[in-house]
Every structure is written in structure tokens, then in C-alpha cells.
Amino acid sequence: MSAGRPSAPAGPEGDDKGGVRAALSGLTTRGRSFLAAGVAAAACAYVLGQSDLLRVGLLLAVLPLICVVVLYRTRYRVAASRRLSPGRVPAGAEARVHLRMDNISRMPTGLLMLQDHVPYVLGPRPRFVLDRVEAGGRREVSYRVRSDLRGRYPLGPLQLRLSDPFGMCELTRSFSAFDLLTVIPRTEPLPPVRLAGEASGYGDGLRRSLALAGDDDIIPRAYRYGDDLRRVHWRSTARLGELMVRREEQPQRAGCTVLLDTRRTGYQGGGPDSAFEWAVSGAASALVHLLERGFSVRLLTDTGTSVPGEGADGFAGSPQDSADSAGLMLDTLAVVEHSDGAGLSRAHDALRGGGEGLLVAFFGDLDEDQAALAARMRQRTGAAVAFLMDWEAPRTDPGAVSGAVSGAVDERLRQLREAGWTALPVRPGAALGDLWQQAGQERSRMSDGSGGYSGGWS
């Protein structure tokens with residue numbers, strides 16, 4: 001269910017399931033005690049020949065049975081709806097769940113107890129007690145949920161527990177509707193660093209691409225419903241025998257690919273503070289930052305799969321729908337898990353040649369072969385930045401971006417840098433914003449030293 005919109009009202013299920021036997025199973029401890037005491041008193045009265053004691057025993061035994069029959073035959077008609085605010089939250093943030101109960105019958109209800117099913121990771125199961133709800137009345141309650149683990153969690157179904165005034169019997173009815181809460185990775189604001197030169201698609205290096213708004217292009221296309229008839233290309237229409245319009249063009253936006261290594265063999269440990277969760281959060285922060293800076297972004301994993309984009313070639317994030325594109329990618333990262341693959345060959349094949357665009361990669365542990373394959377990825381991009389997990393190194397103090405690097409990681413960093421990557425190690429406790437700033441500084445030094453690099457990123 002989307003945030004801010006209530007789910008459709010639903011009525012409780014199970015009113016006729018199980019019959020009176022199910023109703024008898026709803027006897028509370030008090031009801032069972034009364035029934036047992038009544039039967040015992042009646043038996044003693046029969047043995048002792050005490051008629052007064054028999055009347056007391058019958059009263060004690062019949063009272064809970066009458067409550068069962070009355071509660072079973074009661075037909076409350078209630079509707080329930082649930083609203084999440086918001087429906088997508090970062091890990092560690094709270095969301096509020098609003099429940100509304102409407103009595104749509106012509107008779108008031110008795111005491112109602114509500115219980116909503118939530119996963120253990122979101123917190124304790126919420127329970128509410130509602131007093132008598134008048135005919136046509138409404139009651140609203142709310143509770144908060146929070147998770148430090150990203151994922152997609154179901155909320156519901158809602159259970160309604162009916163009780164008689166004496167507390168002898170309780171019957172549970174379940175609603176069928178449930179909603180999903182999406183817990184996305186934490187994102188960190190990144191500094192607006194720029195490498196030497198202008199990003200492709202901006203400034204003097206502006207290029208044009210065929211699209212739906214801008215200056216005229218001499219290549220016509222078929223007429224689509226809603227096209228302005230003033231743009232009809234009559235010469236092509238007469239030649240082809242169908243209505244053709246002048247195609248339009250707009251500036252091409254700079255492209256960027258965010259690569260997330262999800263190989264199970266590349267990471268050790270688990271939990272919110274693991275290296276894999278840091279990589280997922282880093283990828284989320286990078287793609288949100290790049291979308292906000294005007295890039296057309298594609299999210300790619302080591303399996304070679306990418307999130308479907310609105311634009312061509314799998315890239316997403318036009319100026320109008322960057323928020324929707326970011327939401328789609330964050331929803332994907334909310335449920336991403338380890339892959340069973342052992343290599344990066346599929347990701348390498350998914351990268352198209354041409355020497356354009358930016359590649360931001362978050363790698364786990366790389367052996368010699370995978371490091372060589374990652375180095376060759378640099379040939380298919382205009383600029384490449386890699387963050388290599390080094391979780392065996394000592395924990396980094398907040399704000400620090402330098403420190404000791406383990407021997408194997410140092411060798412992989414050298415291999416990537418020789419291929420043209422801007423490669424940085426990621427140690428426990430590292431802040432992505434500081435690493436991002438350092439990557440921009442190092443890339444600027446590389447650009448000044450070589451003199452041949454004309455791409456840039458922000």
C-alpha cells in the first residue's frame with residue numbers, strides 16, 4: 001500500500017468456521033472455571049440431595065454457555081483500514097501505522113481488542129482495547145514500527161477479538177488485508193565534488209540526442225496520439241503513405257553506472273554493521289546523489305542484471321522522474337541479497353563499450369583473477385571509481401580516510417589504479433562522504449597529471 005492512502009475496508013473472516021465447537025474453544029479461564037465449578041456443584045447436589053446447591057451449580061454452568069451462544073450469534077459488521085506514514089523508510093527510521101475501525105452495523109459493539117501482526121524485526125506486536133463503538137461510529141489508533149535491517153515486511157492481517165461483558169468467552173476474527181513496509185538502505189549526503197573538465201552532456205561539450213522536446217530534427221517519425229499537428233512532416237507523409245511528424249531532440253544527460261558486488265564469497269560476516277550492508281548503503285547513497293546532480297543512472301550488480309530504467313539502454317532518471325527512479329532503485333536495494341556467483345564476468349559483459357560515462361563500483365574481496373577482470377572494466381568507461389572493502393584492517397576513526405591497508409587489498413588497489421581506476425580502500429567505520437571527497441581530489445590530481453582526461457563527475 002502506498003504511503004498516505006488507506007487500504008480498502010475489509011470485514012473479519014471466520015464468522016461461521018468451526019460452529020459452536022469453535023465458540024466453546026474461546027472460553028476464557030474465567031469461563032472454564034465457572035463451567036467446572038457449576039458441574040462440580042451439580043454433581044455434589046445430586047449426591048447430597050441438596051436442591052438449592054443444584055440451582056447454584058446450574059447457574060454457574062449455564063452462565064458461560066449462554067455467553068458463548070450470545071457471542072457466537074452476534075453479527076458485528078465492522079470494517080478496518082490501515083495507512084502507513086510513510087510507506088518507505090530508511091533503515092533505523094520510524095514509520096507510523098494508522099488503524100481505523102468502522103462499525104457499519106445498526107447495533108453497537110461490545111468490548112473490542114485489536115491485534116496487528118508485525119514481523120519480529122519491526123518490534124513487539126501491537127494490541128489495543130476499544131470500548132463500545134456506537135452504530136456507525138469510528139475509532140482510530142496508531143503505533144510505530146522501526147527496523148535496523150532493510151527489507152520488505154508485511155503488516156497484518158489485523159485480528160479482532162470479541163469478548164462478552166462478563167469475560168467468559170473470547171472469539172477471534174481475522175481480516176484478510178495486509179500491507180507492505182519497505183525499509184530501504186541508509187543514504188548519506190555526499191559532497192558535490194567535481195573532477196577535471198565537464199561532465200559529458202553539459203557545458204561546451206553539449207551533445208544532442210533524439211527525444212521528445214527541443215529543436216527540430218530532419219528525421220521524421222510516425223505520428224503518435226497527442227502530437228501537435230503543426231509538426232507534421234508532409235513530404236515524408238506523402239512518400240510513406242502514413243502520417244509522419246518531425247522528430248525532436250533534447251540535450252543528452254551524462255550517464256553513470258553504479259556497480260554493486262553482491263558475491264557471497266566477497267564478504268564476511270552479517271548484520272547491520274557488516275561490509276555488505278556498508279556496500280549496499282554506499283551504492284544507495286551514490287545513485288541518489290548522482291540523480292540529484294542530473295546524471296542518468298543505472299544500477300548494476302555482479303549478476304549482470306540492472307534495474308529497468310525509464311530511458312534508453314537501461315538508464316533511468318530524466319529531470320522529471322528522478323525521484324521515481326531513485327525510489328525504484330532503492331526498493332531494489334532494500335531486498336538485494338548475496339549472489340552465488342563467483343566472478344564479475346557478467347557485469348563486465350553488461351558494460352557497453354564506447355569510453356563514455358562514469359562507473360562507480362563497490363567491490364567486496366577480489367582475488368587476482370577478479371581484480372584483473374575489474375581492471376578491464378575501466379576500458380569500457382570514461383571514468384571509474386572503486387571502493388574496495390578491507391574489513392580486516394583496523395577500524396577507522398570517524399572522519400579519517402587514511403590508515404593501514406592489508407597486504408592483499410593493497411595489491412588489488414595497485415592493480416586497479418594501474419588500469420586507470422580511482423581506487424580507495426574501505427575500512428570498518430569509514431564514512432562514505434569523506435571517501436567521496438578523497439576520490440574527487442585524487443581524480444583531479446590524475447586529470448592534472450595526464451592532461452588527457454576530459455570527463456568529469458559531480
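The values are calculated or read from the model by the stated rules, or taken from the named source; none is laboratory data. Remember, it's a predicted structure, so these values are computed and weren't measured experimentally. Please note: Cβ atoms are built from the backbone with ideal geometry, for glycine as well, and neighbour counts cover all protein chains shown. Remember, those area values only see protein heavy atoms, side chains included, never the ligands or the DNA or RNA. Shrake-Rupley method; radii C 1.70, N 1.55, O 1.52, S 1.80 Å.
Taking every Cα-Cα distance in region 57-179 and sorting them into 5 Å bins starting at zero, the pair-distance distribution P(r) comes out as 2, 10, 19, 19, 15, 12, 9, 7, 4, 2, 1, 0, 0 percent. The distance linking region 326-342 with region 153-196 is 21 Å (Cα centroid to Cα centroid, whole angstrom). Using a probe of 1.4 Å on the protein chains alone, the accessible area found for Cys67 is around 10 Å².
Ranking Tyr223, Tyr267, Tyr76 by solvent-accessible area of protein heavy atoms (1.4 Å probe, all protein chains present), from largest to smallest, gives Tyr223, Tyr76, Tyr267. Calculated FRET efficiency, Ala43 to Met107, Cβ-Cβ distance, R0 = 45 Å: about 0.70 to the nearest 0.05. Surface composition of region 111-150: carbon plus sulfur atoms hold 48% of the accessible area, using a 1.4 angstrom probe and ignoring ligands, DNA and RNA. The residues neighbouring Gly123, those whose beta-carbon lies less than 15 Å from its own, together hold a net charge of +2 under the Lys/Arg +1, Asp/Glu -1 convention.
Phi angles of region 328-333 translate, via the Karplus equation with coefficients 6.51, -1.76, 1.60 and θ = phi - 60°, into HN-Hα couplings of 5, 5, 5, 5, 5, 5 Hz per residue; Gly and Pro are given as x. The local environment of Arg186, defined by Cβ-Cβ distances under 14 Å, has a net charge of -2 under the rule Lys, Arg +1 and Asp, Glu -1.
For Val78, enumerate residues with amide H under 5 Å from its amide H, sequence gap 5+ or separate chain, H modeled in the peptide plane. For Val78, the qualifying residues are Ile104. Residue separation of Ser25 and Arg230 scaled by 0.36 nm, minus their Cα-Cα distance, works out to 66.2 nm of gained length.
Calculated FRET efficiency, Arg96 to Gln438, Cβ-Cβ distance, R0 = 30 Å: about 0.20 to the nearest 0.05. In this rough spin-label picture, where each label sits 7 Å from Cα along the Cβ direction, the Arg239-Arg144 distance is 6.8 nm. Computed on protein heavy atoms with a 1.4 Å probe, the accessible areas place Glu442, Glu392 in the order Glu392, Glu442, largest first. The 1.4 Å probe gives accessible areas that order Phe178, Phe34, Phe128, largest first, as Phe178, Phe34, Phe128. Between Arg125 and Ala342, the distance separating the two model label sites (each 7 Å from Cα on the Cα→Cβ line) works out to 4.5 nm.
Based on the Cβ-Cβ distance of Asp410 and Arg152, what FRET efficiency does E = 1/(1 + (r/R0)^6) give at R0 = 56 Å, to the nearest 0.05? E between Asp410 and Arg152, to the nearest 0.05, is 0.90.
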